[in-house]
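Heads up: the structure comes next, in structure tokens.
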């Protein structure tokens, strides 16, 4: 599909975190023609004096290259949680992440109150299999406290050889004592798109992360879904615990469901960081009724998709408020195998909403829950009464289900069940409208002229 992009960057897009979750999007570089501002003399003097004191008086000798790299890291980490300095392995890992395969634990992380916060574990990763949840705080790694540690330093501690183990201390809301997990590092191969049938006529489409080919994978999945379900009545798009990823991938996913109008736009200080994306006329979804599931683990590119579809009125957004990462990070190479990942712009939904630190509010709020249903209670109907009148429709010989003792039915995914129920209701209403129209037409035709 051909999208219109105005003021687009001409460089390839790269984004990600070393632990294996892509959280940032976009790429821009400062214009060569842009005039550099003069450095403030007094502040430069103070920096040089601090550097000199550290070189001469610190308890152990540290070379100038290391000190200057520390200075760059500190400068970037002080800006916001997503700007960072990338060197050597971090830079290589960034590129691996966007291709959808990398080594690590499989968690998207951020910072909160000096601790490392887990935004979401990636599907089928060591972290997810161990039971780590969105919102958990990492307080220790291999017995070392993480309080006030730079996020990239924590990431480096979590990386290591495939097959090696790591002990992580977790604090979880509602649990009074720290929880300890032993994880085995693994290659994280992200299957970004998968789908399955919920019941005849209703399909489930899951996007776990937005990587380079996610848009194409969604189009292929929609084609297969329609081929297998010619009478498709509804689709659930699951973006829960999706940490985001490539901006252009999210644009292509939205474009698979809408046929016109703006999808998303960005605004920053420089023209190179300002972009607008528009939909084309093709419709791989074929207008199927759509419910999108989000939660607090839905971030960045996932929020672009939910917010854009919400503004277009193309989907009902269900679940809980999303994470609220509405910024775009650009990767700027500064030397061989070194780059800075810098927040350069904010993105906005078609109606001009900024998601930054606010998130997407669902149209229908549904909390995660387990639901039980007691089925053993006796229920009597007219047909159970002695001497009941027959209705003449030969329904008296219906085989009645035997009553059983109290039984619990556990719904494992309450939000998904609610989404399916909503799609069923929408389909019933649409069928009722069509039937009402047909009846009105017949009555009109039957009137005497």
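Points worth noting:
- Condition met for residue 59 (exposed (fewer than 10 other Cβ atoms within 10 Å of the Cβ) and more than 30 Å from residue 356 (Cβ to Cβ)): yes
- Residue 176 vs. criteria farther than 21 Å from residue 124 by Cα and not assigned by TED's automatic domain parsing to the domain that holds residue 255: yes
- Screening the candidates 307, 326 for the property of being surrounded by 13 or more Cβ atoms within 10 Å (Cβ to Cβ), under 20 Å from the mean Cα position of the chain (by Cα), within 24 Å of residue 427 (Cα to Cα) and touching a residue at least 24 places away in the same chain (Cβ under 8 Å) yields one hit, 307.
- Only residues that are on the phi < 0 side of the Ramachandran plot, in a loop (DSSP other than H, G, I, E, B) and either at pLDDT below 90 or buried (at least 23 other Cβ atoms within 10 Å of the Cβ) (or both) were counted in the range 132-151, giving 7.
- Residue count for the range 231-244, restricted to those that are in a loop (DSSP other than H, G, I, E, B) and either within 29 Å of residue 123 (Cβ to Cβ) or modelled with pLDDT of 95 or more (or both): 8.
- Of residues in the range 245-268 being touching a strand residue (DSSP E or B) at 6+ places or on another chain (Cβ under 9 Å), in a loop (DSSP other than H, G, I, E, B) and at pLDDT 90 or above, the one nearest to residue 218 (Cα to Cα): 257
- Identification of helices (runs of 4 or more DSSP H) wholly contained in the range 62-131 with 3 or more residues that are modelled with pLDDT under 90 and within 23 Å of the chain's Cα centre (by Cα) yields 89-99.
- Flag if residue 308 is assigned by TED's automatic domain parsing to the domain that holds residue 221, within 30 Å of residue 201 (Cα to Cα) and in contact with a helix residue (DSSP H, G or I) (Cβ under 7 Å, 6 or more places away or on another chain): yes
- Number of residues in the range 190-211 that are at negative phi and surrounded by fewer than 19 Cβ atoms within 10 Å (Cβ to Cβ) equals 7.
- The range 274-304, subset modelled with pLDDT of 95 or more and on the phi > 0 side of the Ramachandran plot, residue surrounded by the fewest Cβ atoms within 10 Å (Cβ to Cβ): 287
- For the range 156-196, the set of residues classified as closer than 30 Å to residue 228 by Cβ and in a loop (DSSP other than H, G, I, E, B) consists of 190, 191, 192, listed by residue number.
- Test: residue 187 is surrounded by fewer than 18 Cβ atoms within 10 Å (Cβ to Cβ) and out of contact with any strand residue (DSSP E or B) (no Cβ under 7 Å at 6 or more places or on another chain): no
The values are calculated or read from the model by the stated rules, or taken from the named source; none is laboratory data. None of these values were measured; they are calculated from a predicted model. Note: ideal-geometry Cβ built from the backbone for every residue, glycine included; neighbour counts use all protein chains shown.
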